[in-house]
Amino acid sequence: MLRRTKIIATLGPSTDDDTAIEKLLWAGIDLVRINFSHGNLDDHQKRINSVRTCAAASGRQIGILADLQGPKIRIAKFNNGPIYLEAGAGFVLDTSLEVAGTQKTVGVDYKQLIQDVACGDILLLDDGRVELEVVRIDGARIICTVKTGGKLSDHKGINRKDGGLSAGALTDKDRTDLKAAAAMNVDYIAISFVRHAADILEARRLLNAVSSTAGIIAKIERADAVDAIDEIIRESDGVMIARGDLGVEIGDAEVPAIQKRIIQRSRSLDKPVITATQMMESMIQSPVPTRAEVSDVANAVLDGTDAVMLSGETAVGKHPEKVVIAVERVCLAAERQPSTRISGHRVDCRFKRVDEAISMSAMYAANHLDIRAIVALTESGSTPLWMSRIRTAIPIFGLSRHATGLGKMTLYRNVYPIFFDVTRYPRDEIKRQAIRILERSGMLNSGDMAIITKGDQDGVYGVTNAMKIVEVGQVV
């Protein structure tokens, strides 16, 4: 049984050798995440080179996602190590402080914070473990009362409850890293702390300026982004539900419903969606997941997420390979449920493009015939993307000669990218050769029925205008 939901593994110290990468590929990862919040450009390039070498040796297509750090707003350092704040005590966040902090005050690296907060606001430090209420603003100092006390150490993050911090999604570091990631020919670049569509448009301009075809993934981790979710989805090439900071801003109890809503809207607007953060967090240390983690992954799959993402579990965890195996086991079990094969997507819509109409027609036919596989001959991967929005258990094989199209398809649910150069064959041989590839891999057998989609103009973008139902062994 082919797994439809994709698995993304974050690389880090626990995966920094070819053997570890090979094990992750064997376990079933579809993409890797390169976290630009840690390490330097040389580290990132080495990891990307390692993945590409191992993927080529295994004959697999593995996508590469570069995740930019974004404007993480943090406190500065303390002079004598961590402090403990008692509820009811006073505490000051000082945007002008240039020395180490004390029990009473600490510096902040985001100078505009004083302009973004007002009396009565709740500031959440260290992912909400410490809560401060703003009492007043005194010049560059934000005078607070501790509402929820706790341990506070160097460089912990700051969020404003319900959002509203005005920091742009792209810092100077991010702009530099974006260009570096583009030069590394990654498949996707994730933009952190997106607030509105303008953040995506800025990233798009920067990529266009360096002639990059990398897809842009909008990370949804601010309350502001939830309010603007449709416009963000439309301008991006996919979204990531980054539940850590998002849960801090909107409240942890609100996350499950918002997650379901974002997955539904992304699929409705024909964009892939990634569910991330703490999916198998206990497996950083433990060789087995908790029952709650299993349910969390399964529910994301049942909701229709394209991919689930592992972070510290594979980057710094003790059992990277076991985590991927566990996630795959859960995905496969969830995908056996009948609801994952039933779709009412766009049944009442009119289509603006011929290739889009062909995609939908092929899926309708596949779900109402005894079809073994859908074979999409594609340049960019757009046809398989539209197809993947329809829930089905029938595998979609995206055959392309372009690395960019193959890389993009690694993220699409139920799409399996395969290198295939249509220009190498006479026109009357293309369909036969495409089917032969799947026969050789054991995906199709003589007598199986398959649907092939292609364009009349071979090797041209955006011209898929035909579908054909064929029987393996009788393809003409």
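Using a 7 Å offset from Cα along Cα-Cβ at VAL99, what residues in the range 60-93 end up with backbone N under 12 Å from the label point?
79
In terms of modelled amide H atoms, which long-range or inter-chain residues lie less than 5 Å from the amide H of VAL194?
LYS219, GLU221
GluC sites (Glu not before Pro) within the range 68-143: which are DSSP loop residues with at most 13 other Cβ atoms inside 10 Å? Please report the intermediate quantities before stating the final value.
Numbers: sites: GLU86, GLU98, GLU131, GLU133; in loops: GLU86, GLU98.
Those satisfying the criteria are GLU86, GLU98.
What nm distance separates the two modelled labels at ASN465 and ARG424, each placed 7 Å from Cα along Cα→Cβ?
2.7 nm
Under unit Cβ charges (Lys, Arg +1; Asp, Glu -1), what dipole magnitude, rounded to 20 debye, does the chain have relative to its Cα centre?
Computed about the Cα centre, the dipole is about 980 debye.
Among rounded, prolate and oblate, which fits the range 83-160 when a ≥ b ≥ c are the square roots of the eigenvalues of its C-alpha gyration tensor, a/c under 1.5 means rounded, and a/b larger than b/c means prolate?
It comes out rounded by the Cα gyration axes.
So, R0 is 35 Å and r is the distance between the beta-carbons of VAL210 and SER361; what FRET efficiency does that work out to, to 0.05?
0.40
Could you give the length gained by full extension between ASP121 and ASP227, i.e. 0.36 nm per residue of separation minus their alpha carbon distance, to one decimal place?
Details: separation 106, 0.36 × 106 = 38.16 nm, distance 1.94 nm.
Computed gain between ASP121 and ASP227 is 36.2 nm.
Report, for the range 83-160, the % of DSSP beta bridges that are antiparallel, rounded to 5.
Roughly 90 percent of the beta bridges in the range 83-160 run antiparallel, per DSSP.
How big is D for the range 354-471, in µm² s⁻¹ as a whole number, if Stokes-Einstein is applied with the Kirkwood radius of its Cα pairs at 37 °C and 0.692 mPa s? All intermediate terms of the calculation are to be shown ahead of the outcome.
On the way: Rh = 13.8 Å.
In µm²/s, the coefficient rounds to 238.
Taking the simple approach of a point 7 Å from Cα along Cα-to-Cβ for both ALA292 and SER268, what is their distance in nm?
Each label point is offset 7 Å from its Cα along the Cβ direction, giving 3.1 nm.
What number, rounded to the nearest 500 deg cm²/dmol, is the helix-based mean residue ellipticity at 222 nm of the chain, given -39500 (n - 2.57) per DSSP H run of at least four residues and division by all its residues?
-10000 deg cm²/dmol
Trypsin sites (Lys or Arg not before Pro), restricted to the range 84-137: which are DSSP loop and have at most 16 other Cβ atoms within 10 Å?
Within the range 84-137, the qualifying trypsin sites (Lys or Arg not before Pro) (loop, at most 16 other Cβ atoms within 10 Å) are LYS104, LYS111, ARG129.
Rounded if a/c is under 1.5, else prolate if a/b beats b/c, else oblate: with a ≥ b ≥ c from the C-alpha gyration tensor eigenvalues square-rooted, which is the range 18-89?
The shape class here is prolate.
In nm, give the distance between the simple-model label positions of ARG436 and VAL135, each being 7 Å from the Cα along the Cα-to-Cβ direction.
In this crude label model, ARG436 to VAL135 measures out at 8.0 nm.
Please name which of LEU97, GLY163, THR404 has its Cα lying farthest along the dipole of the chain towards the positive end, using unit charges on Cβ (Lys, Arg +1; Asp, Glu -1) and the Cα centre as origin.
The one lying farthest along the dipole's positive direction is THR404.
About its Cα centre, what dipole magnitude does the range 83-160 give when the only charges are +1 on Lys and Arg Cβ and -1 on Asp and Glu Cβ, stated in debye to the nearest 20?
Roughly 100 debye for the range 83-160.
Name the residue farthest towards the positive end of the dipole of the chain from the options THR148, ILE75, ILE8, assuming +1 on Cβ of Lys and Arg, -1 on Cβ of Asp and Glu, about the Cα centre.
ILE8
Please give the charge dipole size of the range 354-471, origin at the Cα centre, charges +1 on K and R Cβ atoms and -1 on D and E Cβ atoms. Round to the nearest 20 debye.
280 debye
Using 1/(1 + (r/R0)^6) with R0 = 25 angstrom and r between the beta carbons of ASN445 and ALA57, what's the FRET efficiency to the nearest 0.05?
Once rounded, the FRET efficiency stands at 0.35.
Can you tell me what share of the DSSP beta bridges in the chain is antiparallel? A percent to the nearest 5 is fine.
40 percent
What label, among (1) 0.93; (2) 1.05; (3) 0.99, belongs to Cα Rg over 2.2 N^0.38 Å computed from the structure on display?
The listed entry that was calculated here is (2).
Compute the length gained on full extension between GLN112 and ALA257: take 0.36 nm times their separation in residues and subtract their Cα-Cα distance, giving the result in nm to one decimal. Kindly include the intermediate steps, with their values, before the conclusion.
Details: separation 145, 0.36 × 145 = 52.20 nm, distance 3.18 nm.
Taking GLN112 through ALA257 to full extension adds about 49.0 nm, to one decimal.
Per residue of the range 31-48, in order, report the coupling 6.51 cos²θ - 1.76 cosθ + 1.60 (Karplus, θ = phi - 60°) as ³J(HN,Hα) in whole Hz, putting x for Gly and Pro.
Working through the residues one at a time gives 9, 10, 10, 9, 8, 6, 6, 10, x, 10, 5, 5, 4, 5, 5, 4, 5, 5 Hz.
Going toward the positive end of the dipole of the chain, with +1 on Lys and Arg Cβ and -1 on Asp and Glu Cβ, which of HIS196, ILE220, THR378 do you reach last?
Ranked along the dipole, the leading option is THR378.
Contour minus end-to-end for LYS147 and GLN285, with contour as 0.36 nm per residue of separation and end-to-end as the Cα-Cα distance?
46.5 nm
Throughout, read-outs are computed from the coordinates displayed, never taken from laboratory work. Everything numeric here is computed off the predicted structure, so don't read it as measured data. All Cβ positions, even for glycine, are placed from backbone atoms using ideal geometry, and neighbour counts span all protein chains on display.
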